[in-house]
Each structure stands twice: as C-alpha cells, then as structure tokens.
C-alpha cells in the first residue's frame with residue numbers, strides 16, 4: 001500500500017501559514033501536496049476541528065431536494081474533497097448532526113469514501129498514526145429520531161455512537177430497529193447535548209484524541225455557545241447561493257446561536273491556501289472563559305440538530 005499521494009506536489013498554493021502546534025505533522029509526501037504542514041496539538045485534551053464549505057455569501061446549503069449537501073456548494077471541487085479526506089484520515093471520531101445525516105443518507109463518513117483515488121494513501125496515514133481502520137461515527141440528535149435507513153447503519157465494521165439527551169436516549173432504546181453497525185447510546189444532557197462532556201466521554205471511553213465535526217450549522221452553533229476550543233477548516237466557494245423567493249431557508253455557517261456585540265466568539269487565522277477560485281482557511285477559537293459562557297449566546301433548541 002503506497003504512502004505517496006496521487007495528487008501532484010504544490011496542488012494547493014500556500015498564501016499564509018502560522019504553525020502554533022508542535023504535535024505530529026504530515027508525512028513529507030502529503031506536505032508537498034498540501035503546500036505545508038498541519039501539526040496536531042500536543043497534550044492530553046481532545047482536539048476538536050470542524051470542516052465546512054460556504055458560498056461567497058456564507059450559506060452552506062442550497063436547501064433544494066437532491067442538493068442539500070456541501071458538494072453542491074463547492075461545485076464538487078476536487079481540492080475540497082481531497083482535504084475532506086485528509087481531515088477524516090486524521091480523525092479518531094467523525095461527528096455530525098441528525099440533519100446532516102438526513103440530507104446525505106447514502107454518505108459514508110470516511111476518507112476513502114469522499115476521495116477514492118487517495119484511498120491507499122489515506123488508509124496508510126491512519127495506520128501510521130495508530131488510528132482504528134474506520135473512524136468512530138458520532139451522530140448528535142436531541143430527539144433520538146434518526147433515519148435508520150442511512151448507509152452508516154448498514155456497515156458491520158462501523159461503530160456508531162448516538163449522542164443525545166435523556167429523552168432522546170429513551171427514544172433510541174425504544175424505537176431503533178436492528179442495524180448491522182454496532183450502536184452505543186450516550187445521554188449527555190437533559191435538554192441539550194453537552195459538547196464538552198461529550199468530547200471528554202469519547203476520549204475516556206474510546207481513546208478519541210482527534211474529533212472532526214462535519215455539521216451542521218446548529219451543531220457548530222452549539223459548539224461555539226459552549227465556548228470550546230476548536231479549529232475551523234473552511235472552504236470558501238466562488239458560488240453565491242442567495243436566499244428568499246419563497247423557497248426553503250438556506251442556512252448560514254452558524255445557526256441556533258445568537259451572539260452579542262463585543263462578546264461574539266473571535267477566531268485567529270492560521271492558514272490560507274488557494275486552488276483555482278476556491279480558498280481554504282484554517283482558523284482557531286480559543287477556550288472561552290467559564291464566566292462568559294451562557295451569557296454570550298441564547299439557545300434556540302429544536303428537535304433536530306442540522
């Protein structure tokens with residue numbers, strides 16, 4: 001199995017790089033493609049990082065039947081898909097909300113699925129970094145009502161954790177059909193999912209040090225409201241999605257949270273890359289001081305986490 005990526009060196013054009021971490025970096029061949037390194041933070045705390053694609057107007061979904069996912073927003077850009085594969089390859093956990101699962105029921109959240117041409121390289125990278133063959137799949141749902149026909153439940157090798165509320169856990173236990181994947185139910189909150197508690201539980205129970213969140217906007221809003229430190233990998237697409245005209249609302253990058261002037265979360269830009277008309281940004285949110293949590297944002301609870 002080859003460690004050499006199939007994409008050419010210099011495939012991403014590096015415009016800006018700040019490297020604040022001293023943990024494990026990328027193999028030389030991957031650095032050549034990516035135009036630089038991506039070092040993981042050291043220390044025992046779980047590293048949470050998020051991956052989104054947004055149009056020029058900040059919207060992340062066309063919200064049209066058959067066109068709900070991020071692929072349409074990026075224009076199915078190869079660089080975006082390769083980077084998604086790289087992020088998944090370094091993730092112990094891939095996490096998404098139940099709305100994302102409904103939008104893409106046929107999707108499998110693995111590096112090999114999103115970019116098959118790089119399957120061997122991504123698999124080799126996971127093995128070299130000591131990760132399980134498939135990342136743990138964590139589905140966040142307030143209600144516990146899930147699309148059980150989704151492909152993620154049909155893979156016997158998949159370990160799937162349903163992170164939910166006390167009510168949602170009861171709904172899963174009473175209503176989940178028999179599936180081929182291995183299921184675990186975690187109740188991590190009464191009315192909302194406590195993401196800090198969830199991350200710590202995943203670290204303790206499953207040895208999860210790297211946790212990738214792939215959606216959706218309400219999950220992102222919940223993470224920011226919780227004041228958790230995290231890195232954001234954001235692909236900025238050249239497309240403008242627009243909204244209005246009587247159609248379904250098209251969500252922005254963050255939903256379900258309302259921040260106030262002067263206290264809104266602020267990120268630090270770490271890197272900028274370019275490929276064609278797409279920009280690839282990495283930014284970091286620092287840990288929010290405990291006394292500021294809870295008064296900076298208002299919750300907008302729903303039965304679904306998109």
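Read-outs throughout are calculated quantities, based only on the coordinates presented, and are distinct from any laboratory measurement. None of these values were measured; they are calculated from a predicted model. Here Cβ is always computed from backbone atoms with ideal geometry, including for glycine, and neighbour counts include all displayed protein chains.
Bin width 5 Å, alpha-carbon pairs only: give the P(r) of segment 165-277 as whole percents, running from 0 to the bin holding the largest distance.
2, 8, 13, 17, 18, 16, 12, 9, 5, 1
What fraction of the Cα pairs in segment 1-139, stated in percent, has a spacing above 22 angstrom?
Percentage above 22 Å: 42.
With r defined as the distance between the Cβ atoms of residue 263 and residue 240 and R0 fixed at 30 Å, what FRET efficiency is calculated, to the nearest 0.05?
0.50
Once you have the Kirkwood Rh of segment 13-299 from its Cα pairs, apply Stokes-Einstein at 25 °C and 0.890 mPa s and quote D in µm²/s.
Approximately 126 µm²/s, per Stokes-Einstein.
Please list 173-181, 139-147 highest first by mean number of surrounding beta-carbon atoms within 10 Å per residue.
With the highest mean Cβ count within 10 Å placed first, the list reads 139-147, 173-181.
Rounded to the nearest 5, what % of DSSP beta bridges with both residues in segment 13-299 are antiparallel?
Antiparallel bridges: around 45 percent, rounded to the nearest 5.
How high is the relative contact order of segment 1-74, in percent, with contacts defined as C-alpha pairs under 8 Å that are six or more residues apart?
Relative contact order comes out at 23 percent.
Once you put a point 7 Å from the Cα of residue 132 and another 7 Å from the Cα of residue 167, both along the Cβ direction, what distance in nm separates them?
3.0
For the chain, what does the helix formula give at 222 nm: sum of -39500 (n - 2.57) over DSSP H segments with n ≥ 4, over the residue count, nearest 500 deg cm²/dmol?
-6500 deg cm²/dmol
Tell me, what is the percent relative contact order of the chain, built from C-alpha pairs under 8 Å that lie six or more residues apart?
Over the chain, the number comes to 24 percent.
So if each residue of separation counts as 0.36 nm, and I subtract the Cα-Cα distance between residue 191 and residue 174, what length gain in nm does that give?
Between residue 191 and residue 174, full extension yields an extra 4.3 nm.
Per 10 Å bin, what percent of the C-alpha pairs of segment 110-227 does each bin hold, from zero upward?
12, 41, 36, 11, 0
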